[in-house]
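Below you'll find the structure, written out as structure tokens, and then a few comments.
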Amino acid sequence: MKIIAYKNNVKKVILDAFLMDKSIFFLLTLFLAGSLYTASVVYAIDGYSFVRMWGSQGTSDAQFTTPAGVAIDSQGNVYVLDAGNNRVQKFSNNGTFIIKWGIQGSADGQFNNPTGITVDPLGNVYVLDAGNNRVQKFTGDGTFITSWNSGNYRKLLGEDLSGGEKPKLPSLPGIAVDPAGNIYFVDTPDHKIKKFSTDGSWISEWGSNGIGEGEFSFPSSVASDPAGNIYVLDSGNHRIQIFTGDGKFITKWGTQGTGDGQFTGQFSNIAVDRSGNVFVADSGNNRIQKFDNTGKFITKWGTQGTGDGQFASPSGIAIDSSGNVFVADSGNNRIEVFSIVRPPPS
């Protein structure tokens, strides 16, 4: 169990006790004659408590094989990219199975190693079908709408079609939709962000290989906030960079490591809530970190393991309208849900 404590101007409130292995760590709060005595305390602005989980390894409904991403529509429905099974599964907000679609293949509605998923404001679902070098667009019930691939995609990028080569889309789970419905891809090998309209028309791109502002080293994921700003996980540089929707640099934060605001390995996904708070699935450290939109660290949770609130390479993250956090715990083949615990009122 995890200690979460809060501070206000009058009193300190302890919510949980922490027990790990044979060593006992505890917070003892005593009320005596109207006074508060605290032996030890850990302060946080926000805390998160485990709510529920669903999933196990397998091929049946509500089972997963290496879930690679999660997305939530405006109605609270949850879409899980079940990458190892080459399909999408749709659930209610509480984890009740609704529908699924997709099998391995290259036809419309089929997938080959899909790596990213997102939902636009109208409820359309976009899947980054990396093995087939394309993006597929579906309705919320899985009806195929369109796809962008092959020569058409290369033409949109203004590239030469004469060679007849199949173009490459991003190879990591980097896809997002902004409030206007524009779509952003992380083109990991080329160290770029590419922006398209909802019908697949190319709009713009930015980025190159490097360590400067607006440069990337194998970026792995992208997200949009309610204002349309774009957040990029610059994995090779162990940082987050923020841009306007047309690619103008705003700010950055992060270094390599295990401390607060640091990242390790191919930290795999990012999400932004309705208030502009930033959540990072820091997969190399098996934890979730939360920041404000200036990069100020707020809180973190998670360790490596199989228990409630533990992770094995979390690979996807999404926030619903109530602020609940949904994590695709890829190595444990499950979805975990967490709710925010606010400090008590003054």
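The values are calculated or read from the model by the stated rules, or taken from the named source; none is laboratory data. Treat the numbers as computed from the prediction; the structure is a model and nothing was measured. Ideal geometry is used to build each Cβ from the backbone, glycine not excepted, and the neighbour counts take in all protein chains shown. What goes into the accessible areas is simple: the full protein's heavy atoms, side chains included, and nothing from ligands, DNA or RNA. Shrake-Rupley method; radii C 1.70, N 1.55, O 1.52, S 1.80 Å.
Cβ-Cβ contacts under 8 Å between residues 6 or more apart (or on different chains), taken from a first residue in region 323-342 that is buried (at least 19 other Cβ atoms within 10 Å of the Cβ) to a second residue that is assigned to a loop (DSSP other than H, G, I, E, B) and among the acidic types (Asp, Glu), are listed as Phe326/Asp320; Glu336/Asp308. Please work out which residue is surrounded by the fewest Cβ atoms within 10 Å (Cβ to Cβ), limiting yourself to region 59-90 and to residues that are free of Cβ contacts under 8 Å to residues at least 24 places away in the same chain and in contact with a strand residue (DSSP E or B) (Cβ under 9 Å, 6 or more places away or on another chain). In this case the residue turns out to be Gly84. Filtering region 129-137 for residues that are assigned to a helix (DSSP H, G or I), under 24 Å from Ala271 (Cβ atoms) and in contact (Cβ under 8 Å) with a residue 40 or more places away in the chain leaves a non-empty set.
Screening Lys290 with (1) part of a loop (DSSP other than H, G, I, E, B); (2) of a type in the set (D, E, K, R); (3) surrounded by 19 or more Cβ atoms within 10 Å (Cβ to Cβ) gives one miss only, at (1). Residues of region 43-98 that are in contact with a Pro (Cβ under 9 Å, 6 or more places away or on another chain) and over 22 Å from Ser221 (Cα atoms): Ala44, Ile45, Asp46, Gly47, Gly55. Look at region 94-119: where a residue is in contact (Cβ under 8 Å) with a residue 60 or more places away in the chain and a partner is among the charged types (D, E, K, R), sitting 6+ places away or on another chain with Cβ atoms under 7 Å, you get Gly95/Arg52. Out of the residues in region 189-235 that are under 17 Å from the mean Cα position of the chain (by Cα) and among the polar types (S, T, N, Q), state the one that is surrounded by the most Cβ atoms within 10 Å (Cβ to Cβ). Among residues in region 189-235 that are under 17 Å from the mean Cα position of the chain (by Cα) and among the polar types (S, T, N, Q), the one surrounded by the most Cβ atoms within 10 Å (Cβ to Cβ) is Ser221. Checked across region 95-108, the condition of being open to solvent by 20 Å² or more (accessible area, probe 1.4 Å) and charged (D, E, K, R) holds for at least one residue. Considering region 120-144, and only residues there that are of a type in the set (A, V, I, L, M, F, W, C) and surrounded by fewer than 19 Cβ atoms within 10 Å (Cβ to Cβ), the residue that is farthest from Leu81 (Cα to Cα) turns out to be Leu122. When Asn277 is tested against (1) at negative phi; (2) open to solvent by 20 Å² or more (accessible area, probe 1.4 Å); (3) modelled with pLDDT under 95; (4) of a type outside the set (Phe, Trp, Tyr), just one condition goes unmet, and that condition is (3). Taking the conditions (1) at pLDDT below 95; (2) open to solvent by 20 Å² or more (accessible area, probe 1.4 Å); (3) among the hydrophobic types (A, V, I, L, M, F, W, C) in turn, Phe267 satisfies each one other than (2).
Here Ser171 clears all of (1) of a type in the set (S, T, N, Q); (2) at pLDDT below 85; (3) open to solvent by less than 50 Å² (accessible area, probe 1.4 Å) except the condition numbered (3). Mind checking whether some residue in region 305-322 is over 27 Å from Val177 (Cβ atoms) and of a type in the set (A, V, I, L, M)? Checked against the condition, which is being over 27 Å from Val177 (Cβ atoms) and of a type in the set (A, V, I, L, M), region 305-322 yields at least one hit.
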